[in-house]
Amino acid sequence: MAPNPRHPMLTEDVVRHRLPNGLTILVKEEHSAPVVAISTWVKAGYFNETDDEVGISHVIEHMFFKGTRRRPRPDQIASEVKSLGGEINAGTYYDFTHYYFALPSAEFSRGLEIQSDALLDPLVDPVELARELEAIIQEEKRKRDNPAAFALEKLNELAYRVHRIRRWRIGEEAALRGFTRERLLDYFRRNYTPENLVLSVAGDVRAAQVIEEGTRCLGDLPRGVGPAAGSPPEPPQDDFRFTLLRGDLKRAHLVLAFPAPPLFHPDDLPNRILATVLGRGRSSRLFQEVKETRGCVESIGAGVETFADLGIFRITAETDPGRLEEAARAIGGVLLGILAAGPSDAEIGRARNAVESQYYHSQADVLGVATNLAYYEALGDYRLADDFVRRLKEVTPDAVREGAGRLLLPEHASLLAYVPSDKSAGLDEAAARACFARDARPLVPSMPSVPQPVAVAARRAAVPQGPRRFPLPGGATLLVEEIPRLPVTSVVLLFRGGRTHEQAADSGISRLDLAALSKGTRTRDAARIAAEMESYGCSLEKIFDDDYLGVSISILSRHLAGGVGLLFDLVRNPSFPAEEVERERRVQLSSIESLKDQAMGYAVTLLRQAAFPDHPYGLPSYGSPESVSALTPAALARWHHRLFRPDRMVVAVAGDQPAESVGELITRQMEGWAPEGPELPEAPDVPALAEISIRAESRRRNQTFQMIGFPSVSLASDEKYPLDLLQSCVSGLGGIFFEAVRGRRGLAYVVGASNMCKRLGGYFVAYLGTSPDKEEEARRILFDEIGRIRSEGIAEEEILRSRRYLVGTYPFALQTAAARALSYAAAEIQEKKMEEVLEYPARIGSVSHERVVEAARRTLTLERYALGVLRGE
């Protein structure tokens, strides 16, 4: 790989310093924004737990920020960081645990001191531990209610007999309840030792300062006894393994695994390319053959995950329960096809561009930089980040084919099918074996010959320039921001309306329109569009919102002209082929069913029905089975040309290209495009809700998910800003609702709030995920807190802390070119104008304590609200 020398490599200018006690400090200076990420990486996770400790790493992660002797209150660390304008988070995985702060760079010193205090002196209060264990148990139940996550965990249990990856990693309820303070501290002392820690800092800081303060804060941490002990090794697999599980779900999930070699094995990198060729993107073999040609799955993908001691190659698919065997047979055929005819040069070229694009996107924000550096340093050396990418770019078709021959052996396969309990369809072991037998028919999708795009040398932006607005032909608007840091550019095309113009009879038409855009134009068929798009190292993203819809790409800048030309062809010249529309209709109908398997997503649907009766905002996101079944290609074409018009369009481009060059490029694409016919009639404003409105359904689930919506204001109202502050006050670690329901009582894992302001109206939404028997208690506690806010107000200190948090974290949300382009376009299309994006911190800063309290009292009224509940049984 030879990236443009004007753009930094990930590991360029990284400073590494090892303290005498063995702790490693990495610093990457990045001065493009006044932000910093502080990441503590622990080289211990689920693999380092004995069988009687399963889940303990995750429990420690939850308790990490719950108090020290200097900060004894369980919410004190979260509150202090929030007051600094930062946020905290953490994650646990098989071979690591990760803690990070994202802060304004001016607060680096205080942030590091707080994080170090948590690392050096955890309190692990027994009373707080008991409460947090209840929240973790709710998280465990929530995972069991997620069909895809459940299937993957059970696949690991099937595929491994000895290795610790086989276990339900979050821990079982009974065992979790048995964890004590002493056991947590014992595990903590064994594994949270200096030689197991990496402090990775990226952002607007100086390396010398980071090393000096890192030494001061962490230099006295005593050495441990050595590396954390890992898992017992897994013996070689020499038999085909299969299981069928049934549960309360609507769609079937098929997951297939092969044991793969570990990190640094010669086959590791060829297997990563193999996963890309087989199952990454719309031009991949599995997508083209199994989904597009045969239509027997709604979604499919492949990936390989590697650790120091093992790897696992997985294929996942979601399908109609009645087509389970057909899908398995097609997957088996594609695997035989890659063995018979290895990847073509074109497939390898697309994979290489994908690798390069992913590499640059990993540097798009400081948290990504800090995380990547820590990950590779934990593997042995942070410089492996660039080395891996370079070597991936050098993998040959022969190496992929030969590696596949050693990997994709039927006698090494493990297959799990997770199907609805109320359906007769299934799959037996004999049929499953036959699907992956060596004598099955190989399938090689027929893909168009798309030559590798020629890189276009373009003049690059020299220094960052703020966003500028240009008029375009036909009444469209162009927004451009020059960001020269990385050789990638993001392009967003948004069109006003969509969902707001739907009625019950055609609900779902906007989604189907977006889905069918990439299935054919006057000059390109679906396969060519997929291959051409991915030859540029990018994929087409569909954008669907209540007030607008559109498409976007993030592309290597040298391919910008080609990518923009393809993007405009999709929008201007869709052909809506009948066969392709029918394929996408089947996918959308399955999505209507699949949504019912997603607790939070379906609770949102129920809330909308309660909150927006007889309004387009209340229509189902994917439409109804009746409305989607009735849509025709002709109806889609009429809808598209009335909605996708230049006078309803905003184009936003952010990247390392000069604004004038971008303007010329986009203007050429607009030639001959003029609005035609009458515009779609605008939807009315949301009518006022006069009473309590409830929509509820019950399922055999471990959790109940409820969403309570209080009528609020539209985007045009200045009350949006105090309501944003209210959201920050009540949700998140240390928030009023969070602490009342989860922090002090452990009744829920998910507790949050959202200020859902839309162009035609809005709701302030609180949401809870609880055990079914705790639904009413959790809601009562939430209502008690609302009553307290109405009667007593909110402490000025809490509002000040929330204001600092919103202003301090806002720059993190706008670090990437993609985020900036979408934010500008969305503000412009919703008539807020792109300037509002940059003015937001000042507007939040001007909101007084009194305005927040007044907005809360006006909005949080217990006499009228909407409630959507998906109840577990």
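The values are calculated or read from the model by the stated rules, or taken from the named source; none is laboratory data. It should be emphasised that the depicted structure is a prediction, and the values quoted were computed from it without experimental measurement. We place every Cβ from the backbone using ideal geometry, glycine too, and count neighbours over all the protein chains shown. Accessible surface is based on the protein model in full, side chains and every heavy atom, while ligands, DNA and RNA are left aside. Shrake-Rupley method; radii C 1.70, N 1.55, O 1.52, S 1.80 Å.
Worth a mention:
- Among the residues of the range 217-231, those identified as under 23 Å from residue 94 (Cα atoms) and either of a type in the set (D, E, K, R) or exposed (fewer than 12 other Cβ atoms within 10 Å of the Cβ) (or both) are 225, 226.
- Of all residues in the range 76-107 being acidic (Asp, Glu) and in contact (Cβ under 8 Å) with a residue 40 or more places away in the chain, the one that is surrounded by the most Cβ atoms within 10 Å (Cβ to Cβ): 95
- Failed item, numbered, when residue 282 is tested on (1) part of a loop (DSSP other than H, G, I, E, B); (2) under 21 Å from residue 166 (Cβ atoms); (3) touching a residue at least 24 places away in the same chain (Cβ under 8 Å): (2)
- If you check 618, 601 for being without any contact (Cβ under 8 Å) to a residue 40 or more places away in the chain, within 30 Å of residue 766 (Cα to Cα) and surrounded by fewer than 17 Cβ atoms within 10 Å (Cβ to Cβ), only one passes: 601.
- Hits in the range 35-67 - residues which are touching a strand residue (DSSP E or B) at 6+ places or on another chain (Cβ under 6 Å), closer than 27 Å to residue 104 by Cα and not hydrophobic (A, V, I, L, M, F, W, C): 39, 40, 61
- Condition check for residue 677: more than 30 Å from residue 135 (Cα to Cα), small (Gly, Ala, Ser), in contact with a helix residue (DSSP H, G or I) (Cβ under 7 Å, 6 or more places away or on another chain) and open to solvent by 30 Å² or more (accessible area, probe 1.4 Å): yes
- Hits in the range 30-46 - residues which are β-branched (Val, Ile, Thr) and closer than 20 Å to residue 807 by Cα: 35, 36, 38
- Residues of the range 851-873 that are assigned to a helix (DSSP H, G or I) and either open to solvent by 10 Å² or more (accessible area, probe 1.4 Å) or more than 19 Å from residue 754 (Cβ to Cβ) (or both): 851, 853, 854, 857, 858.
- For beta carbons closer than 8 Å, sequence separation of 6+ or different chains, a first residue in the range 688-701 that is closer than 27 Å to residue 247 by Cβ and a second that is open to solvent by 70 Å² or more (accessible area, probe 1.4 Å) and assigned to a loop (DSSP other than H, G, I, E, B), the qualifying pairs are 698/873; 699/873; 700/873; 701/873.
- Considering (1) among the aromatic types (Phe, Trp, Tyr); (2) at pLDDT 95 or above; (3) open to solvent by 30 Å² or more (accessible area, probe 1.4 Å), the lone condition that residue 749 does not fulfil carries the number (2).
- Residues that are in a loop (DSSP other than H, G, I, E, B), open to solvent by 30 Å² or more (accessible area, probe 1.4 Å) and in contact with a helix residue (DSSP H, G or I) (Cβ under 8 Å, 6 or more places away or on another chain), drawn from the range 363-380: 365
- In the set (1) surrounded by fewer than 21 Cβ atoms within 10 Å (Cβ to Cβ); (2) of a type in the set (A, V, I, L, M, F, W, C); (3) over 28 Å from the mean Cα position of the chain (by Cα), residue 149 fails one condition alone, (3).
- Cβ pairs under 8 Å, 6+ apart, first in the range 117-143 and on the phi > 0 side of the Ramachandran plot, second among the charged types (D, E, K, R): 124/66; 124/181
- Here residue 300 clears all of (1) farther than 22 Å from residue 259 by Cβ; (2) of a type outside the set (Ser, Thr, Tyr); (3) without any contact (Cβ under 8 Å) to a residue 40 or more places away in the chain except the condition numbered (1).
- Evaluation of residue 391 against the conditions (1) of a type outside the set (A, V, I, L, M, F, W, C); (2) farther than 30 Å from residue 341 by Cβ; (3) open to solvent by 30 Å² or more (accessible area, probe 1.4 Å); (4) touching a residue at least 60 places away in the same chain (Cβ under 8 Å) shows that the sole unmet condition is (2).
- Filter result for residue 540 (within 16 Å of residue 571 (Cβ to Cβ), under 23 Å from the mean Cα position of the chain (by Cα) and modelled with pLDDT under 95): yes
- Among (1) in contact with a Cys (Cβ under 7 Å, 6 or more places away or on another chain); (2) open to solvent by 10 Å² or more (accessible area, probe 1.4 Å) - the single one residue 563 does not satisfy: (2)
- Residue count for the range 152-190, restricted to those that are touching a Lys or Arg at 6+ places or on another chain (Cβ under 7 Å) and open to solvent by 20 Å² or more (accessible area, probe 1.4 Å): 2
- Selection count, the range 232-266, where residues are open to solvent by less than 30 Å² (accessible area, probe 1.4 Å) and either assigned to a loop (DSSP other than H, G, I, E, B) or more than 20 Å from residue 151 (Cα to Cα) (or both): 6
- Only one entry in 102, 159 is at pLDDT 95 or above and out of contact with any helix residue (DSSP H, G or I) (no Cβ under 7 Å at 6 or more places or on another chain), namely 159.
- Test: residue in the range 348-360 that is over 19 Å from residue 18 (Cα atoms), outside any helix (DSSP H, G or I), touching a Leu at 6+ places or on another chain (Cβ under 6 Å) and open to solvent by less than 10 Å² (accessible area, probe 1.4 Å): no
- Test: residue 152 is assigned to a helix (DSSP H, G or I) and over 30 Å from residue 20 (Cβ atoms): yes
- Unique match (being open to solvent by 20 Å² or more (accessible area, probe 1.4 Å) and of a type in the set (Gly, Ala, Ser)) among 332, 337, 322: 322
- Any hit, the range 806-821, residues being on the phi > 0 side of the Ramachandran plot and in contact (Cβ under 8 Å) with a residue 40 or more places away in the chain: no
- Test: residue in the range 480-497 that is surrounded by fewer than 20 Cβ atoms within 10 Å (Cβ to Cβ) and among the small types (Gly, Ala, Ser): no
Conditions (1) open to solvent by 50 Å² or more (accessible area, probe 1.4 Å); (2) modelled with pLDDT of 95 or more, marked per residue:
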position	(1), (2)
10	no, no
17	yes, yes
41	no, yes
46	no, yes
54	no, yes
61	no, yes
74	no, no
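- Whether a residue is farther than 21 Å from residue 501 by Cα, among the hydroxyl-bearing types (Ser, Thr, Tyr), open to solvent by 20 Å² or more (accessible area, probe 1.4 Å) and part of a loop (DSSP other than H, G, I, E, B) was assessed, and residue 661 does not pass this test.
- Residue in the range 556-566 that is under 27 Å from the mean Cα position of the chain (by Cα), hydroxyl-bearing (Ser, Thr, Tyr) and closer than 22 Å to residue 351 by Cα present: yes
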